[in-house]
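Here is the structure we will look at.
Since every read-out is calculated from the coordinates, none of them should be taken as a lab result. In this text the structure is predicted, and so the values were computed from the model without any measurement. With ideal geometry, Cβ positions are generated from the backbone for all residues, glycine too; neighbour counts draw on all protein chains shown.
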């Protein structure tokens, strides 16, 4: 299959309000703000993938919007799992809600049950079994990836290259988040023995667009020190990353980052949270004015996307990537 334009993907962590603060009771008021975003996407032919967590899968307003978009083939619904609030609730600390525990920290049997419950819930609610996924708080593991394959998932987008989440703890006795500093920036099928390298599994990794020139320096730093907070601060100052994740600090650079990603890795993937579409739903966009600035920036970006890119959902990207690879191998 010949593709004359690079792909543009937009992935939405579709979750409760301001989960950064780890609220004891999770609300889903942001579900009322997602339809405006979907309408904007459709105006420009952008095809979002809603990576949906437990609370949002149960939110009537999101259900109505997503079912309509799916019926018109205008979006995709995938899975996003926050272990501390996704059933079955089988605590591994004295307060999993307080710590925001990672799914990868639970016993494999518990991981498997949680993934099965979420997969069934999404399939039953939206009429399509989910096949795309992003890990809660970005943390993946070998066992996690293998269980996803068992449940029929074919595309993941948990990797944030050039970033380490190691300092972000889940369980207090745990090892923290995933270190993606030297993971590939380009899409690749995962090696289920080492997620940082290409392999022959059926699970395609589509990394979020995070660009940096820090890799040569990071390779010279011993692995045990790469994720030390001081090292991360210094390298960020010397070689700041360019993330295709909107914030008030980078709204004016979204187009430039998207074009640079197309040149460097052949596609661009923007990641946003549904709660960032609502005033006060996130640390980034607190006011109605900041939400209007976000939508204005997205509209400007989508103008460029419509002219220069081919929008796709995660599963559509998987299918075209796989077809192109198989065609090259033929």
For this session: Please state which one of 160, 175 is assigned to a loop (DSSP other than H, G, I, E, B) and buried (at least 17 other Cβ atoms within 10 Å of the Cβ).
Result: 160
Exercise. Only one of these conditions is not met by residue 38: (1) touching a helix residue (DSSP H, G or I) at 6+ places or on another chain (Cβ under 9 Å); (2) more than 18 Å from residue 315 (Cβ to Cβ); (3) touching a residue at least 24 places away in the same chain (Cβ under 8 Å). Which number is it?
Worked result: (2)
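So which residues in the stretch 285-329 are closer than 22 Å to residue 267 by Cβ and assigned to a loop (DSSP other than H, G, I, E, B)? Walk me through it before giving the result.
Of the stretch 285-329, the ones closer than 22 Å to residue 267 by Cβ are 297-329.
Those that are closer than 22 Å to residue 267 by Cβ and assigned to a loop (DSSP other than H, G, I, E, B): 309, 312, 313.
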Seminar exercise, completed: Inside the stretch 260-284, the number of residues satisfying the requirement of being surrounded by fewer than 16 Cβ atoms within 10 Å (Cβ to Cβ), in contact (Cβ under 8 Å) with a residue 24 or more places away in the chain and part of a helix (DSSP H, G or I) is 1
For this session: Could you please find all residues in the stretch 122-157 being more than 17 Å from residue 196 (Cβ to Cβ), touching a helix residue (DSSP H, G or I) at 6+ places or on another chain (Cβ under 6 Å), part of a helix (DSSP H, G or I) and without any contact (Cβ under 8 Å) to a residue 40 or more places away in the chain?
Result: 147
For this session: Take the residues in the stretch 74-117 that are surrounded by fewer than 16 Cβ atoms within 10 Å (Cβ to Cβ) and free of Cβ contacts under 8 Å to residues at least 24 places away in the same chain, then tell me which one is farthest from residue 317 (Cα to Cα).
Result: 94
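Does the stretch 232-251 contain at least one residue that is touching a strand residue (DSSP E or B) at 6+ places or on another chain (Cβ under 9 Å), in a helix (DSSP H, G or I) and farther than 19 Å from residue 148 by Cα? Don't jump to the end; show me each part of the working.
Start the filter on the stretch 232-251 by keeping residues that are touching a strand residue (DSSP E or B) at 6+ places or on another chain (Cβ under 9 Å), which leaves 232, 241-246, 250.
Filter once more, so that each one left must be in a helix (DSSP H, G or I): 232.
Checking the rest, the ones that are also farther than 19 Å from residue 148 by Cα come to 232.
So far as the stretch 232-251 goes, yes, one or more of its residues are touching a strand residue (DSSP E or B) at 6+ places or on another chain (Cβ under 9 Å), in a helix (DSSP H, G or I) and farther than 19 Å from residue 148 by Cα.
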